[in-house]
1. Taking a cut-off of 15 Å, what percent of all Cα-Cα pairs in segment 68-164 are separated by more than that?
2. Using a 10 Å Cβ count of at most 16 others and DSSP loop calls, identify the longest part of the chain lacking such GluC sites (Glu not before Pro).
3. Going toward the positive end of the dipole of segment 103-177, with +1 on Lys and Arg Cβ and -1 on Asp and Glu Cβ, which of A112, G168, G145 do you reach last?
4. Which lysines have a Cα less than 25 Å from the Cα of K159, not counting those fewer than 8 places away in the same chain?
5. Give me the Kirkwood hydrodynamic radius of segment 8-91 in Å, from all C-alpha pairs, to one decimal place?
6. For the chain, what is the charge dipole size about the Cα centre, in debye to the nearest 20, if Lys and Arg each add +1 at the Cβ and Asp and Glu each add -1 at the Cβ?
7. What do you get for the angle between helix 58-67 and the principal long axis of the chain? Use alpha-carbon atoms, 0 to 90 degrees, nearest ten.
8. Could you tell me whether segment 184-230 comes out rounded, prolate or oblate from its Cα gyration tensor? Rule is a ≥ b ≥ c as square roots of the eigenvalues, rounded for a/c under 1.5, then prolate if a/b exceeds b/c, otherwise oblate.
Amino acid sequence: MSQDENQLKIAAAESAVTRVTDGMVVGLGSGSTAAFAVSAIGRRVREGLRIVGIPTSERTAAQARDLGIPLSSLAEKPQVDITIDGADEVEEGNLNLIKGRGGALLREKIVANASRKLVIIIHGSKLVNRLGVHDPVPAEVIPFGWQVTARHLENLGAKPSLRRNPDGEPFHSDSGNYILDCTFESIASADLLAGQLDHVVGLVEHGLFIGLTSEVHVANVSGVRILNRP
């Protein structure tokens, strides 16, 4: 990751974190971009901001604890005021997303659905005309019979690949599931595909986030622009 790319991520994160105010319950996203937002929130907490965080992954929870951000759970705080997270791709126009490269898509989607506002932070290369142009769609699947689930995904036009760790063993999500990274030749309608994926037995959750985004903070060398949901 280049220093320039990191600077763009930091700019987007700093812009989004201005949306956080005293007394909020804040969903803390996962991944390299969201980590910059968590760092910015931690700095504001040290300066006196009073919030409660809901982490979307064990890694984010550990980062937040190190920064002194008070944490809770959806059991205690079922309504989240705002969640700040990154994305692998954002479809310009409707702000639909592909998420899950970091493997936290299930928890990320649960927290996003519990949020009044989902704010996404990206650098400009993540903005696309149509989802699936650059990135596969991650699918979190039950390990039992995952090969059967993969065949069902193939019937939908996917080329699923089991995500593996550097040692060659299957990657496990925080919930203990596998991830199948599904490449599609073309996604004509992300809404339609999401509905089809919702009915695949053995698939716990997929990385298509449809109709959840409130705004996107896009950082380019010229600055940060904010896209609002139509």
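Just so you know, all these numbers are worked out from the coordinates, no wet-lab data involved. Predicted model, so just to flag it, every value in this text is computed and none were measured. As a convention, Cβ positions derive from the backbone with ideal geometry for all residues, glycine included, and neighbour counts pool all protein chains shown.
1. On the way: 3201 of 4656 pairs.
Across segment 68-164, Cα pairs with separations above 15 Å total 69 percent.
2. On the way: sites that count: E47, E76, E92, E185.
Within the chain, the longest run free of exposed GluC sites (Glu not before Pro) spans 93-184.
3. Looking along the dipole axis, the top candidate is A112.
4. K99, K109, K126
5. Working: mean 1/r = 0.0796 Å⁻¹.
Every distinct Cα pair counted, the radius reaches 12.6 Å.
6. Values: 23 positive and 27 negative charges, 101 e Å.
Using only the charged Cβ atoms, the result is roughly 480 debye.
7. 10 degrees
8. Details: a/c = 2.79, a/b = 2.38, b/c = 1.17.
Prolate is the answer for segment 184-230, as a/c is 1.5 or above and a/b outweighs b/c.
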